[in-house]
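In what follows, a structure is listed as structure tokens, so that the remarks can point back to it.
The values are calculated or read from the model by the stated rules, or taken from the named source; none is laboratory data. Remember, predicted model here, so these are calculated numbers, not experimental data. All Cβ positions, glycine included, derive from the backbone under ideal geometry; neighbour counts span all protein chains shown.
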Amino acid sequence: MSRYPVAIIGGGIAGLSAAWWLQKAGIDYTLLEQDARWGGKIHTERVALDDCEETPFIVEAGPDSFITQKPWGVALAREVGLGDSLIGTNEDLKQTYVLHRGRPTPLPDGVLMIVPTRIKPFLLSPLISPWGKLRMGMELFIPPRRDDGDETLADFVRRRLGSEALDKIAEPLMSGIYNAEADKQSLLATFPRFRELEQKHGSLIRGMVASQRLRSQHAASSNGKPLPFFVTPSEGVEALVTALQRRLRGDLRLRTGVEALEPVAGGYRLHLGDGTTLDAGQVILATPAYVAARLLRPLTPEAADLLDGIRYVSTGTISLAFHSGAVRNPLHGYGLVIPMSERRPINAVTLSSVKFAYRAPEGCLLLRVFFGGSRSPRSMELNDEDLYTTVRRELDALLGINAEPLFHRIYRWFHSNPQYDVGHLERVAAVERHLPPGVHLAGSAYRGVGLPDCIRQGQEAAERVVSGKKERS
């Protein structure tokens, strides 16, 4: 029987990050992943076609980038040698569109997150009605909420900016990030900065303008160009997983599921799917919440019940490639988001090869369509043929794309997206209070779904292991 100071269950980016930080701290570990590859939802496919140039298409099955305002993703990329390969979004065509009455409508220039910071483009935009614009302008005079209680994103936006801002801007942009329902989505767990701006400045508009001015002053004083908001490795996001995995020196095991955790003297015994066992002093669960609940139920039913209360939804993407000459220019930008009120079977479209360089050969276009979640759940139930037909019909109706694609790829992620409902952070804190000694949680179900958030949680779990080791010694 093998024994390790630490066993990490789950080989997504949170588990890989935890392994990296344990290794840096000089602590031996084993990393167990039941799938046949590392990275979880991070997966990049390279597709080469005979009738295109040698440059392949780079197709992302999961996340296509990560934000730089949360520094943990960029920091890890630099540590594993990918700093020079990070590229930002195309600044020349950064326009985002919102589907409005069946037509793609530009998001007004100067709208940051959900807040208008420039008057003229906002006033001239057809996206919001005159009354809706007046209601958004009244945000400057609405008193801030002073208590620290949670609320839904929908309630917050209605309170500050009105119903139209929720429908046309916040719901497709903000809830779309989390594949969530705005009427259930926790503000404090997903966009706590909005509450901070409200409380500090008394107004979102004043707060966002002040933040924008501060960023400009900082960039000027540092004599450096700030990082783009989104970055990605030029070879695709999976390059980060590959570079990290190659630097890990612990006991790494793919196709290794864990069936049960058993407390033993000095730690825990892991019963593996192949019938063998291994012992570990401490355990990091970097799995979906419902998997952690199953493993923890014999040890702490209270934590298991709370974990089972974290809802999940299923999502998917379909990527399609075209010859540029066969497609009327669908958008002068790289994204179309679709409000729920438009009642379409898809949620959004990203022009991947416009958004980032190196995603398609010269003369070709690669785009990605999002479906599923709470916003179009019935699309997840379609078989591949019916889904493909539906998406082709939507691209023709919304963007005028009726050419036959060079290829397409469908990716489905079942029960993969945790929902941060109101009270989520209190639930997670309660789970952590009920965890047995030496067991730690990390991953998208807890304190952030984005890649930098998961990297940070893996790091923090490793730091708790180190702290626990010091306390025992």
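Matching residues to (1) among the small types (G, A, S); (2) touching a His at 6+ places or on another chain (Cβ under 8 Å); (3) closer than 30 Å to S85 by Cα:
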position: S314; (1), (2), (3): yes, yes, no
position: A326; (1), (2), (3): yes, no, no
position: S341; (1), (2), (3): yes, no, no
position: S352; (1), (2), (3): yes, no, yes
position: L366; (1), (2), (3): no, no, yes
position: S376; (1), (2), (3): yes, no, no
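Candidates V115, V74: the one that is buried (at least 21 other Cβ atoms within 10 Å of the Cβ), out of contact with any His (no Cβ under 7 Å at 6 or more places or on another chain), touching a residue at least 60 places away in the same chain (Cβ under 8 Å) and of a type in the set (A, V, I, L, M) is V115. The single residue among A25, A14, A18 that is surrounded by fewer than 23 Cβ atoms within 10 Å (Cβ to Cβ), over 24 Å from G275 (Cβ atoms) and not β-branched (V, I, T) turns out to be A25.
Let's see how each residue does on (1) out of contact with any strand residue (DSSP E or B) (no Cβ under 9 Å at 6 or more places or on another chain); (2) hydrophobic (A, V, I, L, M, F, W, C); (3) closer than 30 Å to Q212 by Cα; (4) not assigned by TED's automatic domain parsing to the domain that holds L351:
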residue: A14; (1), (2), (3), (4): no, yes, no, yes
residue: S17; (1), (2), (3), (4): yes, no, no, yes
residue: D28; (1), (2), (3), (4): no, no, no, yes
residue: A48; (1), (2), (3), (4): no, yes, no, no
residue: P63; (1), (2), (3), (4): no, no, yes, no
residue: T68; (1), (2), (3), (4): no, no, yes, no
residue: A75; (1), (2), (3), (4): yes, yes, yes, no
residue: I87; (1), (2), (3), (4): no, yes, yes, no
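Filter the stretch 450-473 down to residues that are touching a Gly at 6+ places or on another chain (Cβ under 9 Å) and at pLDDT below 95 and give me whichever is surrounded by the fewest Cβ atoms within 10 Å (Cβ to Cβ). That would be R472. Within the span defined as the stretch 318-334, every residue fails to be at pLDDT 95 or above, under 25 Å from G448 (Cβ atoms) and surrounded by 20 or more Cβ atoms within 10 Å (Cβ to Cβ).
Does any residue of the stretch 38-45 turn out to be closer than 26 Å to A321 by Cα, among the charged types (D, E, K, R), part of a loop (DSSP other than H, G, I, E, B) and in contact with a strand residue (DSSP E or B) (Cβ under 7 Å, 6 or more places away or on another chain)? Looking through the stretch 38-45, at least one residue is closer than 26 Å to A321 by Cα, among the charged types (D, E, K, R), part of a loop (DSSP other than H, G, I, E, B) and in contact with a strand residue (DSSP E or B) (Cβ under 7 Å, 6 or more places away or on another chain). Inclusion of I410 among residues that are of a type outside the set (D, E, K, R), within 19 Å of G335 (Cβ to Cβ) and touching a residue at least 24 places away in the same chain (Cβ under 8 Å) is not warranted.
Identify all residues within the stretch 338-363 that are farther than 21 Å from E45 by Cβ and either surrounded by fewer than 23 Cβ atoms within 10 Å (Cβ to Cβ) or of a type in the set (D, E, K, R) (or both); write none if there are none. Those that are farther than 21 Å from E45 by Cβ and either surrounded by fewer than 23 Cβ atoms within 10 Å (Cβ to Cβ) or of a type in the set (D, E, K, R) (or both): P339, M340, S341, E342, R343, R344, P345.
Taking first residues from the stretch 360-380 that are more than 19 Å from L99 (Cβ to Cβ) and partners that are hydroxyl-bearing (S, T, Y) and assigned to a strand (DSSP E or B), the Cβ contacts under 9 Å between residues at least 6 apart in sequence or on separate chains come to L366/S319; M380/S314; M380/T315. Residues in the stretch 427-439 that are out of contact with any Pro (no Cβ under 8 Å at 6 or more places or on another chain) and over 13 Å from L307 (Cα atoms): P437, G438, V439. Considering the conditions (1) closer than 26 Å to G149 by Cα; (2) under 23 Å from the mean Cα position of the chain (by Cα); (3) surrounded by 16 or more Cβ atoms within 10 Å (Cβ to Cβ), E426 is excluded by exactly one of them, (3). Residue check: R206 meets all listed conditions (1) surrounded by 15 or more Cβ atoms within 10 Å (Cβ to Cβ); (2) farther than 25 Å from N347 by Cβ; (3) touching a Gly at 6+ places or on another chain (Cβ under 8 Å) but one, namely (3). Within the stretch 392-403, can one find any residue that is at pLDDT below 95, surrounded by fewer than 16 Cβ atoms within 10 Å (Cβ to Cβ) and of a type in the set (A, V, I, L, M)? Checking the stretch 392-403: at least one residue is at pLDDT below 95, surrounded by fewer than 16 Cβ atoms within 10 Å (Cβ to Cβ) and of a type in the set (A, V, I, L, M).
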